[in-house]
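Enquirer: First, the structure itself, so that you have it in front of you.
The values are calculated or read from the model by the stated rules, or taken from the named source; none is laboratory data. All values reported here derive from a predicted model rather than from experimental measurement. Note that we place each Cβ from the backbone using ideal geometry, even for glycine, and neighbour counts take in every protein chain shown.
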Amino acid sequence: MDAQTPPSPRFYPPVLLLMAVVLMVVLHYVLPVARWLAWPWRALGALPIAVAVLVGFWGAVQFRRHDTTIIPFEQSTALIAKGPYRYSRNPLYISMTLILVGLWILLGSLSPVVVVPLFVWWISTRFIANEERHLEAQFGRTYLEYKTKVRRWL
């Protein structure tokens, strides 16, 4: 591991996503605050989850096609700028966020929504910022040009 590479995180993003899901469900049942959406409207939460699954799968396939790692902070062998990476530098994190938004809608109470911005903040500060520094160090000008063309989120 070189000086540019941060130590591996204790919890990778899928584990953080699972923790966020559990926290949202706990908040819904223990501290529901206000029920803002009734059934059958809550079923609309399935839509962002379905989009998340499609975007996440599409993004993950790009790692396989380019024969590079999907694991944060491991050495990349390619800079991916195809598929959903033409529109966002972080489609996998967008898909995770969409899962949380969909779950919030499915639950139909206000308290779980606090988890969504906390998840985005955590991912942005603990993963995305470090990953971008790592990619810039590894791919240099190519990555900087990509950053000017493609937004971090959307």
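Enquirer: Among what's in region 22-64 and is touching a strand residue (DSSP E or B) at 6+ places or on another chain (Cβ under 9 Å) and part of a loop (DSSP other than H, G, I, E, B), pick the residue that is surrounded by the most Cβ atoms within 10 Å (Cβ to Cβ).
Expert: Going through the qualifying residues, I end up with 37.
Enquirer: For region 51-95, name all the residues that are in contact with a Gly (Cβ under 8 Å, 6 or more places away or on another chain) and small (Gly, Ala, Ser).
Expert: Residues satisfying the conditions are 52, 59, 83, 95.
Enquirer: Looking only at helices (runs of 4 or more DSSP H) that fall completely inside region 65-154, which ones have 2 or more residues that are of a type in the set (Lys, Arg)?
Expert: 141-149
Enquirer: For the list (1) over 21 Å from residue 134 (Cβ atoms); (2) at pLDDT 95 or above; (3) touching a helix residue (DSSP H, G or I) at 6+ places or on another chain (Cβ under 7 Å), I need the number of the one condition that residue 33 fails.
Expert: Result: residue 33 fails condition (2) only.
Enquirer: Please work out if residue 95 is crowded, with 18+ Cβ neighbours inside 10 Å, over 17 Å from the mean Cα position of the chain (by Cα) and among the polar types (S, T, N, Q).
Expert: For residue 95, the condition - crowded, with 18+ Cβ neighbours inside 10 Å, over 17 Å from the mean Cα position of the chain (by Cα) and among the polar types (S, T, N, Q) - is not met.
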